[in-house]
Every structure is written in structure tokens, then in C-alpha cells.
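Engineer: Could you have a look at this structure, given as C-alpha cells, before my questions?
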Amino acid sequence: MMADSGSEDAAVIGNTDISSAEAENNLRNTMVEKGTSLLKKLEITVSEAEKRTGKNSVNMQETYTVYLIETRPADSGSEAGTPVPDMLWRRYSDFELLRTYLLVTYPYVIIPPLPEKRAEFVWHKLSADNLDPDFVERRRVGLENFLLRVASHPLLSNDKIFFLFLTDEKGWRDAVLETGFQDKVDSRLKSLSASFRVKNPDKRFTALKQYSDELNAVISQLLRVRARVADRLYGVYKVHGNYGRVFSEWSAIEKEMGDGLQSAGHHMDTYAASIDDILEEEEHYADQLKEYLYYTEAVRSVCRKHELLQYEVEMAAQDLAYKKQQREELVTGTVRVFSLKGMTSKLFGQESQEQREQRLAALEQGIQEGEELLKDKNHECQEFVQSAWKDIERFKEQKDRDLREALISYAIMQISMCKKGVQVWSNAKECFNKM
């Protein structure tokens, strides 16, 4: 995933011999230049996970996991060897806050998803405990993948808050909250209302949203099938251990055939024990599928934002049309539709010339403001579409490449597993032949 950098100004981060003021100054100066990927400047790893115990916000004791993020210049240009990395600890909730900030700040970007907080689509022998060491390890890998996805994105990688997340353990949370991003979060009710009430949805985004729903359903089914197959496979492999036990017991009562039976039993025991490593490797491919399962929600988020912008355009156009109609009625003196003002005029008499001129002036001002608002909303929507579709095309290429490679690797693993099964029985056959 590392890319060659076309620039020599590598982002040197961290130096234990400088003051905190100098460090802060370096932090600003080492941000990657606009338009380049952070991964061209910086190596990023989530190297380990650690279980800790402490008190939460309501003063209750809790056990949680923290993850060690290490960063170092990708190319230091030094002959002194690999530089000492900067290190800091982050909780999963810190990653969640970072992703929420990115979602709000870049609504036109398909933000990479975080790994699951609790295990889903697990086969029955796999622990669903979010503190289970194997699950924590897989989540560590997923969190590193999330950081690498963001750091390789042409736009997200240049975000200052993301850079602080990687390099400033104490001040990052204050910095992200100071951006005020939480005030920009669209309410779910507002987004839902827009999706039902928008009159002229963009067909491209409608099709993309439908595809995202269908992809989510397909990957969910695939993960359920894989979990059922893993259950069956585990049973089949472990049953071979019974062959090993029976052959070993049989060898005890045989003289000429004893050695062959004992050897065959050993092969069966080895085969039965191998399933644990096989299914652990399978979980790696399952996690790759899960990433794109969660990516579908990121795609839907972009579609919902577009619906909301389109709805605001339509509301602005509708409000402008209504004001123009009011102006026409006031100028011509004809009322095209029933209105409370028209009924009031009939009951209490016509308004004076001065009142009409005041209303007309107010309407002219409202129309002028409405035209400016509609122009701004149209411009905002058009810019969103242009930026979003550029990122959507980038995502499509990434998705096709990643899923193709994951499925090919999974098929290769299955073929290798079948070959091992054939080899075990071939070895057993040789043992029987020697009896």
C-alpha cells in the first residue's frame, strides 16, 4: 500500500530532543502538501492492543481495550537506520469520534468503515466476546486498515484533525470538538423526511442506493453461508480425530499391522488439529467481506446527503415560486388560489395603496433573497454531485479490485485445504500398503 513520493520533504514526526513548543510548530509544518497522500510521507501501524481497567464517565469501573498507534517517516533519507516511531494509545471510541468527524466534514466522500465493535456472523465455536484475544487481534488489524484507508485517500489524508489523531495524544480530542462539527450533524429525522419528500431524485444516486442495499444483502448472505460451512467443516475435521483414536487403539492389538495403523492414526490426528488454523485464516477473509458490508452504509450516507441537498433545492424553488405568485396577485389584483389574506380582504375591505406598496416591496425583497438562496442551493448541490461522483468512481475501482483479490485468495485457500485432505488420505493409504 506504500506509494513512492515525488517530493523530498518527508513528514518527520516526533523528536524527543525538542521542546513542546517546537514540537507543536513542527506538527503544523510537517502536514503533507495538498493533493498528496499521507502514506507517501508516513508509515502508520496499529502495532498492539492492551486491556485496561478504569472508571467511565459515570464513575463505574469498566474493562476496555486500547490500541497502540505507531508512526514514522516513510523515507527519512538517513543512513542511521530506522527512526524511532512516535507512539500513542487510542480507544475504539476515539476511532468512532474521528470517523464521525470525517462523515460530517466530508459528506461527499465514502468514508472507510471501522471494524465491527462486536463480532457478527460468527460460527458457534468462535467467541462473540469483544474482549476475546482473537477478536481483539482481528479488530486491531481492522483499525490499522481503517487508518491506512484514510491515509491513502487523496482528500482525507490531508485533514489536520486526522493528522493530530495520529500524533497528538492529549490535545486531539479538544481540537476535534473545537471544530464544531457536532452542530452540523444532520438529524436522522431530517434525512428520512427528505428521502420520502424529494420530488426529482437524481437517478444515478437512486441506482447507487439500490445497488448498495443489494450488495449489503448479498454479502450478508455470503457471510451467513460461510459461518454455516465453517461449523460443518469444523465438525468434519474433528471427526477425523476419531479415526486417529480408533486406528491407534486397533494398532495395540495387531503385530504385523500395528505400525501402519499407528502411522495412519497420527496422520488423522494431525488433519483434525489443522482445522483451527484453517478457520483462523478464514476469519481474515470474512473480515475483508465485512469491511465492504459496512462500506455499503457509507455509500448510503452519501446518497442520503444528496437527497437532503436536493430536497433543500426543491423547497427553495417552491418558496420562491409562491412569493412570485403572491407578487403577481398583488399587482393584478386577482387571486388564483384560496388564501387567508384574500378572505380577509373580502371581509374587512381592500388594503390601502400604501399598504399594497409596502407588501410589494417586502415581496420584491423576499424574491430577491429567494433567488439568491436558490442559486446558492443549486450551486451547493452541483458541487456535491461533482465531488461525490468523483469519489464514487474511485471507490468502485477499489471495491472491484479488493473483492476480486479477496475471493481469489479465498478460493486458493479452499483448494489448498482440499489438497491437504487428499494428501492425508494418500499418506494413510501408503501406511496401509506397508502393513
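The values are calculated or read from the model by the stated rules, or taken from the named source; none is laboratory data. Bear in mind that the values here come from a model prediction, so they are computed numbers and not experimental data. Here the Cβ is made from the backbone with ideal geometry for all residues, glycine too, and neighbour counts use every protein chain on show. Surface accessibility is based on the protein's heavy atoms, side chains included, excluding ligands, DNA and RNA. Shrake-Rupley method; radii C 1.70, N 1.55, O 1.52, S 1.80 Å.
Engineer: Could you quote the convex hull projected area for region 358-411, Cα atoms only and averaged over all directions, in nm²?
Structural biologist: Directional mean of the projected Cα hull area for region 358-411 stands at 4.6 nm².
Engineer: Run down the aspartates and glutamates and flag those whose C-alpha is under 14 Å from the C-alpha of Lys429, throwing out any fewer than 8 positions away in its chain.
Structural biologist: Asp259
Engineer: Could you give the length gained by full extension between Glu62 and Ala411, i.e. 0.36 nm per residue of separation minus their alpha carbon distance, to one decimal place?
Structural biologist: Going from the current span to full extension adds 121.5 nm.
Engineer: What are the semi-axes of the equivalent ellipsoid for region 231-274, taken as the square roots of 5 times the Cα gyration tensor eigenvalues, largest first, in whole Å?
Structural biologist: 23, 8, 5
Engineer: Taking a 19 Å limit on the Cα-Cα distance, which of the listed pairs Lys51/Lys160; Lys184/Lys390; Lys41/Lys399; Lys290/Lys399; Lys290/Lys396; Lys41/Lys160 fall beyond it?
Structural biologist: The pairs that break the limit, which is 19 Å between Cα atoms, are Lys51/Lys160; Lys184/Lys390; Lys41/Lys399.
Engineer: Now a separate question. With Cβ to Cβ distances under 12 Å as the rule, what net charge do the other residues near Gln382 carry (K, R +1; D, E -1)?
Structural biologist: With Lys, Arg at +1 and Asp, Glu at -1, the neighbours total -2.
Engineer: So, counting K/R as plus one and D/E as minus one, what does the shell of residues with Cβ under 14 Å around Ala411 add up to?
Structural biologist: Summing Lys and Arg as +1 and Asp and Glu as -1 gives 0.
Engineer: Moving to a separate point now. Summing Lys, Arg as +1 and Asp, Glu as -1, what charge do residues with Cβ under 15 Å from the Cβ of Ala317 carry, Ala317 excluded?
Structural biologist: Counting the neighbours of Ala317, the net charge comes to -2.
Engineer: Calculated FRET efficiency, Lys434 and Asp400, Cβ-Cβ r, R0 51 Å, to nearest 0.05?
Structural biologist: It comes to 0.50.
Engineer: With all protein chains present, how much of the accessible area of region 261-341 (probe radius 1.4 Å) comes from carbon and sulfur, to the nearest whole percent?
Structural biologist: Exposed carbon and sulfur together represent 54 percent of the surface.
Engineer: Right, another one. Straight distance only, please: which aspartates and glutamates reach the Cα of Lys199 with their own Cα at less than 13 Å, same-chain residues fewer than 8 apart left out?
Structural biologist: Within reach: Glu307, Glu312, Glu314.
Engineer: Order of 62-68, 94-100, 108-114 by packing, highest average Cβ count within 10 Å first?
Structural biologist: 108-114, 94-100, 62-68
Engineer: Tell me, how many Å apart are the Cα centres for region 293-326 and for region 237-259?
Structural biologist: Here the two parts' Cα centres lie 71 Å apart.
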